[in-house]
Amino acid sequence: MEIKRYYTLNQELRKVFGEKVVKLSLDAGFTCPNRDGNIGKRGCIFCGEKGGGEFAGSRIQSIEEQIEQQKKLLSKKWKANSYIAYFQSFTNTYAPIEKLRKIYWQALNIKGMVGLAIATRPDCLSDEVLSLLEQLNQKTFLWIELGLQSIHFKTEKFIRRGYPLSVYNQAIEELKKRKIRVVTHLIMGLPYETKEEMLKSIEAVAYTDTWGIKLHSLYIQKGTDLYKYYLKNPFPLLSKQEYINIVVDGIELLPKAMVVHRVTGDGEKELLYTPKWSSDKRSVLNGIDQELNRRNTYQGIRFH
Ligand code: SF4
């Protein structure tokens with residue numbers, strides 16, 4: 001069996017649970033302060049109608065129904081008895097605390113659920129939310145995903161992220177204090193960033209001493225503000241090979257134990273405008289493995 005040259009979520013979950021664990025993507029009906037007018041009205045420039053949860057369940061169904069449906073759907077692909085409830089769409093800590101408590105427990109009480117993954121913004125982690133997460137963390141396998149995308153100020157403004165880097169830094173300190181696992185989401189190929197700038201973002205996450213990282217390439221979905229911008233101002237996009245090279249450089253920079261949750265994008269095929277290569281997940285993953293083999297390199301080789 002070929003050895004993976006980077007440390008994947010699948011490997012980590014097998015190590016922790018001793019078996020295959022499947023993530024079920026849920027839409028708990030939340031919104032986002034960057035879309036409802038609290039911070040911004042139009043959201044991040046690339047944000048689609050489903051707030052990053054293109055493959056999540058449907059918000060008109062209950063959490064239980066979504067879980068059952070996702071289990072059924074994924075059972076065609078994986079044989080598993082253990083699951084992680086992944087609150088993926090929009091900002092999953094942005095609701096009154098009692099509602100959050102109820103929703104998380106609803107998921108956790110379902111048979112076979114061994115953990116929770118919660119995607120949110122670092123500016124949506126109040127003290128009471130942090131206390132709830134701390135309690136959950138003592139009961140189950142929990143991780144929090146933070147959408148940082150880039151450490152660079154010009155990009156933060158361009159993508160209308162709506163919070164500065166200092167808020168992310170503070171949030172990870174608060175989560176780390178409570179021993180809660182943190183995964184940072186970064187996008188490679190954001191407009192007008194150089195390769196060096198992208199790698200700086202990866203390097204910054206590498207040194208946070210947190211649990212995991214997610215990488216994907218920028219893709220433009222029809223209907224988003226980024227799509228409208230691109231039609232008027234077509235900026236350079238990464239080619240598949242450029243993206244592969246950046247990911248491999250990035251993997252080298254990460255500490256060996258950092259869990260690499262993802263190295264490809266996850267857009268919906270019908271909504272994808274460009275680049276088309278980003279929807280061919282298998283070929284991107286193979287390309288990354290081939291490049292790692294070609295260089296005879298692996299995760300952590302350039303982490304000091
Ligand atoms: S934080 Fe997430 S849900 Fe909110 S606007 Fe940005 S991408 Fe969309």
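Computed quantities for the displayed model
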read-out: Every residue from the range 219-255 that is in contact with a Gly (Cβ under 7 Å, 6 or more places away or on another chain) and among the hydrophobic types (A, V, I, L, M, F, W, C); value: LEU237, LEU238, ILE244, LEU254
read-out: Test: residue in the range 115-125 that is away from the ligand (no atom under 16 Å from the Cβ) and modelled with pLDDT of 95 or more; value: yes
read-out: Count of the range 159-170 residues which are at negative phi and within 13 Å of the ligand (Cβ to nearest atom); value: 5
read-out: Unique match (being within 14 Å of the ligand (Cβ to nearest atom), over 20 Å from GLY48 (Cβ atoms) and of a type in the set (Ser, Thr, Tyr)) among THR184, THR194; value: THR184
read-out: GLY43 surrounded by 22 or more Cβ atoms within 10 Å (Cβ to Cβ) and within 13 Å of the ligand (Cβ to nearest atom); value: yes
read-out: Meets criteria (within 16 Å of the ligand (Cβ to nearest atom), within 24 Å of ILE97 (Cα to Cα) and of a type outside the set (Phe, Trp, Tyr)) for ARG35; value: yes
read-out: From GLU128, GLU174, residue being open to solvent by 50 Å² or more (accessible area, probe 1.4 Å), touching a helix residue (DSSP H, G or I) at 6+ places or on another chain (Cβ under 7 Å), at pLDDT 95 or above and more than 20 Å from VAL260 (Cβ to Cβ); value: GLU128
read-out: The lone exception for PHE90 - which of (1) on the phi > 0 side of the Ramachandran plot; (2) away from the ligand (no atom under 13 Å from the Cβ) it fails; value: (2)
read-out: Pairs with Cβ under 6 Å, 6+ apart, first in the range 194-205 and surrounded by 16 or more Cβ atoms within 10 Å (Cβ to Cβ) and modelled with pLDDT of 95 or more, second part of a helix (DSSP H, G or I) and not small (Gly, Ala, Ser); value: MET198/ILE246; LEU199/ASP249; ILE202/LEU253; GLU203/LEU253
read-out: Hey, ARG35 under 20 Å from the mean Cα position of the chain (by Cα) and open to solvent by 60 Å² or more (accessible area, probe 1.4 Å) or not; value: yes
read-out: Verdict on THR140 being open to solvent by less than 50 Å² (accessible area, probe 1.4 Å), modelled with pLDDT of 95 or more, within 30 Å of GLY18 (Cβ to Cβ) and within 16 Å of the ligand (Cβ to nearest atom); value: no
read-out: Within the range 108-131, tally of residues that are out of contact with any Leu (no Cβ under 6 Å at 6 or more places or on another chain) and closer than 30 Å to LYS41 by Cβ; value: 13
read-out: Residue within the range 93-100 that is in contact with a helix residue (DSSP H, G or I) (Cβ under 6 Å, 6 or more places away or on another chain), of a type in the set (Val, Ile, Thr), within 13 Å of the ligand (Cβ to nearest atom) and modelled with pLDDT of 95 or more present; value: yes
read-out: Candidate set from the range 272-297 (those that are over 24 Å from LEU218 (Cα atoms) and in contact with a Lys or Arg (Cβ under 8 Å, 6 or more places away or on another chain)); member that is surrounded by the fewest Cβ atoms within 10 Å (Cβ to Cβ); value: ASN293
read-out: Given (1) open to solvent by 60 Å² or more (accessible area, probe 1.4 Å); (2) of a type in the set (A, V, I, L, M); (3) part of a helix (DSSP H, G or I), index of the condition ILE67 fails; value: (1)
read-out: Segments classed as helices (runs of 4 or more DSSP H), wholly inside the range 159-250, with at least 3 members that are among the hydrophobic types (A, V, I, L, M, F, W, C); value: 165-177, 195-206
read-out: Of residues in the range 251-293 being part of a helix (DSSP H, G or I) and among the hydrophobic types (A, V, I, L, M, F, W, C), the one farthest from ARG14 (Cα to Cα); value: LEU271
read-out: Odd one out for SER62, checked against (1) near the ligand (Cβ under 9 Å from one of its atoms); (2) among the small types (Gly, Ala, Ser); (3) open to solvent by 10 Å² or more (accessible area, probe 1.4 Å); value: (1)
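The values are calculated or read from the model by the stated rules, or taken from the named source; none is laboratory data. This structure is a prediction, so every number in the text was calculated from the model and none was measured. Backbone-built Cβ (ideal geometry, glycine too); neighbour counts: all protein chains shown. Quick note on the areas: whole protein, heavy atoms, side chains included, nothing else; ligands and nucleic acids left out. Shrake-Rupley method; radii C 1.70, N 1.55, O 1.52, S 1.80 Å.
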